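*Asks:* Below: one structure in structure tokens.
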Amino acid sequence: MAVDQFDLNAGQRAERKTLLTVVEWTEGVGTTATQEREILGTRTEDSSVEFNPDIQTTTDIRGNNYTDLNKVQPEQQFDPYLVLGGSKLGAKLHDIMLRNALSELNQFTVYLITSYLTTTVEGHKVYRTQKQTECTITYDSLGGDVNVNFPITVHFSNKSTNGYVNKLSDDFTFTADVTV
């Protein structure tokens, strides 16, 4: 597979809004089950995916340094994540908190859409995306000064599928990359 080029003019920097995090979950059961999605980041001023690498560095008897990367544990914090009317994810997390249903916190699918990485499929511009299943979202606190803040942390699972989405909204279609 060829490496995509950044869809930016020479020297132009990618703006933060070109990296989207979208959470997906199932509401209900059986035939009444529906898929819900929410784009994260409303009223959040700064949020980055932190990779948290587990690195081990050793020096041999000759003085040579060796570095082993054992794993990465990516996560992304959203603080503030305000209690906002219309936020289905916020209401779901608040319900989980009230019921102390911690086992439900690891049932999210998270899409990391890099809209500055584009390609063309069947004549249409699409956006490179990584889909991660069985992600955990934790609520970190509840309160605040003027507004009620409910900061959350998304813990990525590393159970990922690379692909693309057809548009930059919460009603996109994800298509997995096909490898031969």
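*Asks:* Residue-wise, which Karplus ³J(HN,Hα) couplings in Hz belong to segment 51-68, taking 6.51 cos²θ - 1.76 cosθ + 1.60, θ = phi - 60°, and x for glycine or proline?
*Replies:* Residue by residue, segment 51-68 yields 8, 6, x, 9, 10, 10, 10, 10, 10, 7, 5, 8, x, 7, 8, 10, 10, 10 Hz.
*Asks:* Mind listing the phi-derived Karplus ³J(HN,Hα) values for segment 84-96, rounded to whole Hz, using 6.51, -1.76 and 1.60 with θ = phi - 60°, and x for any glycine or proline?
*Replies:* Running phi through 6.51 cos²θ - 1.76 cosθ + 1.60 with θ = phi - 60° gives 10, x, x, 7, 5, 5, x, 5, 5, 5, 5, 5, 4 Hz.
*Asks:* Just to be sure I understand the model, the point goes 7 Å from the Cα along the line to the Cβ. What's the resulting THR26 to GLU122 distance in nm?
*Replies:* Placing both labels 7 Å along Cα→Cβ, they lie 2.6 nm apart.
*Asks:* Taking amide hydrogens as modeled 1.01 Å from N in the peptide plane, which residues meet the under 5 Å criterion relative to GLY144, leaving out close sequence neighbours?
*Replies:* Answer set, sorted by chain and number: ASN149.
*Asks:* If you don't mind, another one. Please list, in order, the residues from segment 82-126 whose amide nitrogen is less than 19 Å from a point placed 7 Å along the Cα→Cβ vector of GLN73.
*Replies:* Only 103, 105-108 fall inside the zone, counting backbone N under 19 Å.
*Asks:* Show me 18-24, 99-105 ranked by packing, highest mean number of other Cβ atoms within 10 Å first.
*Replies:* Going by the mean number of other Cβ atoms within 10 Å, highest first, we get 18-24, 99-105.
*Asks:* Sticking with this one: So what is the 222 nm mean residue ellipticity for the chain from helices alone, if each DSSP H run of at least 4 adds -39500 (n - 2.57) and you divide by all residues, rounding to the nearest 500 deg cm²/dmol?
*Replies:* Result for the chain: -2000 deg cm²/dmol, rounded to the nearest 500.
*Asks:* Could you list which residues have their amide H under 5 Å from that of TYR81, counting only those 5 or more apart in sequence or on another chain, with H placed in the peptide plane?
*Replies:* PHE150, ILE152
*Asks:* To the nearest 0.05, how large is the calculated FRET efficiency for ARG37 and SER141 if R₀ is 25 Å and r is the Cβ-Cβ distance?
*Replies:* So the FRET efficiency works out to roughly 0.50.
*Asks:* Name the residues of segment 151-167 whose amide N is less than 18 Å from a point 7 angstrom out from the Cα of SER48 along the C-beta direction?
*Replies:* Answer for segment 151-167: 153-156.
*Asks:* Got a sec? Charge dipole of the chain, +1 on Cβ for Lys and Arg, -1 for Asp and Glu; which of THR173, THR153, THR133 is way out at the positive end?
*Replies:* The listed residue farthest towards the positive side: THR173.
*Asks:* Which three lengths, in whole Å and largest first, does segment 18-176 cover when its Cα atoms are put on their principal axes?
*Replies:* That works out to 63, 48, 34 Å along the principal axes.
*Asks:* Ok, one more. What is the distance, in nm, between label points placed 7 Å from the Cα along the Cα-to-Cβ direction at SER157 and at LYS88?
*Replies:* 1.9 nm
*Asks:* How large is ³J(HN,Hα) for each residue in segment 69-83, as worked out from phi by the Karplus curve 6.51 cos²θ - 1.76 cosθ + 1.60 (θ = phi - 60°), to whole Hz, x for Gly and Pro?
*Replies:* With the stated coefficients, segment 69-83 comes to 9, 7, 5, 10, 10, x, 8, 9, 9, 10, 9, x, 10, 6, 6 Hz.
*Asks:* In straight Cα distance, which lysines are under 27 Å from LYS92, not counting same-chain residues fewer than 8 positions off?
*Replies:* Within reach: LYS17, LYS131, LYS159, LYS167.
Read-outs: derived from the displayed coordinates by stated rules, not from any lab. Nothing here was measured: the structure is a model prediction, and the numbers come from that model. Cβ atoms come from the backbone with ideal geometry, glycine included; neighbour counts cover every protein chain shown.
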